[in-house]
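Participant: The following block contains the structure, expressed as structure tokens.
The values are calculated or read from the model by the stated rules, or taken from the named source; none is laboratory data. These figures come from a predicted structure and were not determined experimentally. All Cβ positions, even for glycine, are placed from backbone atoms using ideal geometry, and neighbour counts span all protein chains on display.
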Amino acid sequence: MFLQKSFIENFVISGIAHNTKNSVESALLRLKHFTDEFEKIELDLRKREKPLHVEVKLILEKLNLLKAPLEDIDKTNARLREFQKEKEIRFTDISLQDFIQDVYKLCEPKAKAEYIDVIVVNNIDKKVWIDINYMEQAVINLFINSVESIVDSKNKKGRIRVETKYDKRSNIIYINVSDNGRGIDEKIKKMIFLPYFTTKSYGTGIGLPSTKFIVDDLHNGKIDFFVERDDTLWTTFSISLPLTVR
């Protein structure tokens, strides 16, 4: 299956660029944190003697925090280069548990940088038939939106919940990404999947439309959102994918 670049460029290519921006922001945030910590250590060393190996260990720990987001940038940019020409959509069987775990590893640094707790409920032992790169992009977009929603809400006890479910009767897999951020205003619910619509001063309005395109058009799935309450108010974006019999 081949898709012309003109057909997908406003959604997928822009979506990848959108994710690159988020990855860069995460890396820069960690770099600033690392620099601030290093300056404190340097100042402390000037004031009093302290075992150097302790400081080296701290520096290395901070440096390692940069590794994941920078690797994410490299991987995303590689995908962006691929999309400069016609690209075959490569569907493959992959364990849902492995897929979610891989996505979590990419997203975890962004949440940690904002001191957001992430809960992963990933117990569905099924294989899904997806293009891994595209679907990874879709879930990352939802995760990044959750992080930004929590940051904008100034919630000091921010939480993101990533959960997989399986409906045996309909043979459908669900990937849910929930957050206790600012929620979605009733006035904009019908517009959030429109290209270039955004309520953020720094937003591109590309993340959710590209996610919808990947889920609906490329995978014959569906994306929806809803609000629920337990001990807090949760906004959930839900990707539903049919388990295709091959």
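Participant: For residues in the range 49-104 being closer than 27 Å to Trp129 by Cα, in a helix (DSSP H, G or I) and among the hydrophobic types (A, V, I, L, M, F, W, C), which is modelled with the lowest pLDDT?
Facilitator: Per the criteria, the residue is Leu80.
Participant: Could I ask something else about it? Condition first: of a type in the set (S, T, N, Q), crowded, with 20+ Cβ neighbours inside 10 Å and either touching a strand residue (DSSP E or B) at 6+ places or on another chain (Cβ under 7 Å) or over 19 Å from Ile223 (Cα atoms) (or both). Now tell me which residues in the range 112-149 satisfy that.
Facilitator: Residues satisfying the conditions are Ser146, Ser149.
Participant: A further question on this structure: Does Glu136 satisfy the condition of being at pLDDT 90 or above, within 17 Å of the chain's Cα centre (by Cα), over 27 Å from Ile73 (Cβ atoms) and not hydroxyl-bearing (Ser, Thr, Tyr)?
Facilitator: Answer is no for this residue.
Participant: Of (1) of a type outside the set (Ser, Thr, Tyr); (2) crowded, with 20+ Cβ neighbours inside 10 Å; (3) not in a helix (DSSP H, G or I), Ile192 satisfies all except one. Which?
Facilitator: Checking Ile192 against (1) of a type outside the set (Ser, Thr, Tyr); (2) crowded, with 20+ Cβ neighbours inside 10 Å; (3) not in a helix (DSSP H, G or I), the one that fails is (2).
Participant: Can you find, within the range 165-183, the residue that is farthest from Leu208 (Cα to Cα) among those that are part of a loop (DSSP other than H, G, I, E, B) and touching a helix residue (DSSP H, G or I) at 6+ places or on another chain (Cβ under 9 Å)?
Facilitator: Here the answer is Asn180.
Participant: On to the next question. Within the range 137-147, identify whether any single residue is of a type outside the set (Phe, Trp, Tyr), under 22 Å from Gly207 (Cβ atoms) and assigned to a loop (DSSP other than H, G, I, E, B), and answer yes or no.
Facilitator: No: the range 137-147 contains no residue that is of a type outside the set (Phe, Trp, Tyr), under 22 Å from Gly207 (Cβ atoms) and assigned to a loop (DSSP other than H, G, I, E, B).
Participant: Given the residues Val162, Val118, Val151, which is the only one that is assigned to a helix (DSSP H, G or I) and under 28 Å from Lys62 (Cβ atoms)?
Facilitator: On inspection, the qualifying residue turns out to be Val151.
Participant: Scan the range 215-235 for residues that are surrounded by fewer than 14 Cβ atoms within 10 Å (Cβ to Cβ), among the acidic types (Asp, Glu) and outside any strand (DSSP E or B) and report the count.
Facilitator: 2
Participant: Give the residues of the range 32-48 that are modelled with pLDDT of 70 or more, of a type in the set (A, V, I, L, M) and surrounded by 12 or more Cβ atoms within 10 Å (Cβ to Cβ), sorted by residue number.
Facilitator: Residue satisfying the conditions is Ile41 alone.
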